[in-house]
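Participant: One structure, pasted below without further comment.
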Amino acid sequence: LLYINDISQKIINEPNNASNYIKRARYYINSKQYELVEKDTQKILSIDLNEDEKKETALILDTLTDYNTRHNNIEKAFELINQAICLCPNNPHYYLMRGGLYSDKNKFEEAKNDFEKGLSLSPSDVDKKFFEIHLEHLKEK
């Protein structure tokens with residue numbers, strides 16, 4: 001409780017410091033307060049972020065995407081993963097997530113495009129194989 005109070009006070013003192021919102025959003029994730037995570041994330045997105053803050057925010061968006069997908073809020077999940085891609089367009093994981101969402105909605109061409117984009121960005125053979133498996137699975141549909 002002391003930690004969250006300290007971070008919240010820092011936010012009051014420095015309302016445009018993204019780092020403090022990121023710390024508080026991580027705390028809210030750990031305590032499963034996803035509505036508060038989303039509120040802080042929207043504030044974070046309104047601030048000019050450095051590269052590290054973009055990566056941290058994209059990870060938070062990734063968590064929110066997963067949460068919304070598990071709760072069948074698919075349109076919200078798309079919105080969140082699209083924001084993560086805007087922040088980190090070279091991260092193959094986000095294309096995998098969005099490709100999976102497209103596949104679940106039977107939007108196979110969009111899924112294929114995202115899986116191919118993720119494949120082109122994948123740094124390792126293991127990652128590449130993972131995308132290739134997803135692309136093969138799409139051919140069956």
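Participant: If you check Thr69 against the conditions, is it of a type in the set (S, T, N, Q) and open to solvent by 30 Å² or more (accessible area, probe 1.4 Å)? Working first, answer last.
Facilitator: On the way: of a type in the set (S, T, N, Q): yes; open to solvent by 30 Å² or more (accessible area, probe 1.4 Å): yes.
When the stated conditions are applied, Thr69 passes them.
Participant: Output yes when any residue across the stretch 113-122 is free of Cβ contacts under 8 Å to residues at least 40 places away in the same chain, within 13 Å of the chain's Cα centre (by Cα) and loosely packed, with under 15 Cβ neighbours inside 10 Å, and no when none is. Step through it out loud before you land on a result.
Facilitator: To start, the set of residues in the stretch 113-122 that are free of Cβ contacts under 8 Å to residues at least 40 places away in the same chain comprises 113-122.
Adding the requirement that they be within 13 Å of the chain's Cα centre (by Cα) leaves none.
No: zero hits.
Participant: Something else about it: Hey, can you tell me all the residues within the stretch 69-113 that are polar (S, T, N, Q) and assigned to a helix (DSSP H, G or I)? Before the answer, list the steps.
Facilitator: First, the residues of the stretch 69-113 that are polar (S, T, N, Q): 69, 72-73, 82-83, 90-91, 103, 106, 113.
Those that are polar (S, T, N, Q) and assigned to a helix (DSSP H, G or I): Thr69, Asn82, Gln83, Ser103, Asn113.
Participant: Going by the structure shown, is Arg26 open to solvent by 30 Å² or more (accessible area, probe 1.4 Å), farther than 27 Å from Asp104 by Cα and among the charged types (D, E, K, R)?
Facilitator: yes
Participant: Now, a different point. For the stretch 105-141, which positions are of a type in the set (Asp, Glu) and farther than 18 Å from Ile74 by Cβ? Before the answer, list the steps.
Facilitator: As a first pass, look at the stretch 105-141 and keep what is of a type in the set (Asp, Glu): 109-110, 114, 116, 125, 127, 132, 136, 140.
The answer is Glu116, Asp125, Asp127, Glu132, Glu136, Glu140.
Residue-wise test of (1) farther than 21 Å from Tyr67 by Cβ; (2) over 19 Å from the mean Cα position of the chain (by Cα); (3) in a helix (DSSP H, G or I); (4) without any contact (Cβ under 8 Å) to a residue 12 or more places away in the chain.
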site	(1), (2), (3), (4)
Asp6	yes, yes, yes, yes
Ile12	yes, yes, yes, yes
Asn16	yes, yes, no, no
Ile22	no, no, yes, no
Arg26	no, no, yes, no
Ile29	no, no, yes, no
Lys32	no, no, no, yes
Val37	no, no, yes, no
Ile44	no, no, yes, no
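The values are calculated or read from the model by the stated rules, or taken from the named source; none is laboratory data. Keep in mind the model is a prediction, meaning the values are calculated, not measured. Because the Cβ atoms are built from the backbone with ideal geometry, glycine has one as well, and the counts that use them run over all protein chains shown. Heavy atoms of the whole protein, side chains included, go into the accessibility calculation; ligands, DNA and RNA do not. Shrake-Rupley method; radii C 1.70, N 1.55, O 1.52, S 1.80 Å.
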